[in-house]
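The next block holds one structure in the form of structure tokens; read it before the comments.
Coordinate-derived values only; no laboratory data. This structure is a prediction, so every number in the text was calculated from the model and none was measured. Cβ atoms come from the backbone with ideal geometry, glycine included; neighbour counts cover every protein chain shown.
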Amino acid sequence: MQERLAAACQRAGRAHEEVRLMGVSKLHSAETIAEAAAAGLKLFGENRVQEFDAKRDRLRELGVADVEVHLIGHLQSNKSARAAEIFDGIDSVDSLRLAQRLNDTAGKLGKKLPVLIEVKLSAELAKSGLAADGPELGSLLEQLPVLPHLVMRGLMTIAPLDEDPETARACFRQLRSLREALAQQHPRLDFRELSMGMSGDFEMAIEEGSTLVRIGTALFGERAAG
């Protein structure tokens, strides 16, 4: 996988170091994570608070201690406290209320919690995230500088499911343009991260400026249903 990532970076005229690889380990075992960590992968993404909570003790038993695990799935406010405690970052913040709850918990824990803002660039009802042109996104970004226990790092999106690959490309290009506009409007915030691209479209995402690709199936194979 690192070879494919490096080749995609080379084709896009970018340094390999500009793009990080996140292994999406949802519905995979702690043992699978441990094997990937032993092979050199240090960043993982999980979709559900309860699922990762159940893996944590086993990872410690397996001696996995030097990895980062981020939540990349939709987070309900009532699970935010536990998420802030067990994850190293929340990459799917999609409301001011959620950000405030995460900030409160991180403050009680004495930690700085990295976050990404999830932006919805698809009409699919199942997709989460803030509308790129909605007032909620602006309100959240205006308030983030006064939430001292959150560390804003950038934006995340999930491309729509479509047989035409150019649909995904347009989505990635839109997020990059949005990042550039928002960075000018909110100079106190850090927009360095563009988390976009998964197993089927990560090479295209790299061409369009992704700094973090989320790879599950291409790394770990098909997951069990769940």
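In table form, for the structure just shown:
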item	result
Förster radius 30 Å - calculated FRET efficiency between Arg169 and Arg192, Cβ distance, rounded to 0.05	0.85
Distant-in-sequence amide H partners of Lys42 (H built 1.01 Å from N, under 5 Å)	none
Prolate/oblate/rounded label for region 2-220 (Cα gyration tensor, a/c 1.5)	oblate
Shape call, region 91-226: gyration tensor on alpha carbons, a/c limit 1.5	prolate
Amide H within-cut-off set for Lys120, under 5 Å, with H built and near neighbours excluded	Leu130, Ala131, Ala132
Efficiency of FRET between Gln10 and Leu125 - r from beta-carbon atoms, R0 41 angstrom, step 0.05	0.60
Under 20 Å between alpha carbons - lysine pairs in the chain that sit 8 or more apart or on different chains	11
Ellipticity estimate at 222 nm from DSSP helix runs (n ≥ 4, -39,500 (n - 2.57)) divided over the chain, nearest 500	-12000 deg cm²/dmol
Mean-position separation - Cα centroids, region 118-155 and region 7-56, in angstrom	23 Å
Percentage relative contact order, region 1-66, counting C-alpha pairs under 8 Å, at least six apart	30 percent
Glu193 long-range amide H proximity, modeled H, under 5 Å	Gly154, Leu155
In Hz, Karplus ³J(HN,Hα) per residue of region 13-23 (6.51, -1.76, 1.60; θ = phi - 60°; x = Gly, Pro)	x, 10, 6, 4, 5, 6, 10, 9, 9, 10, x
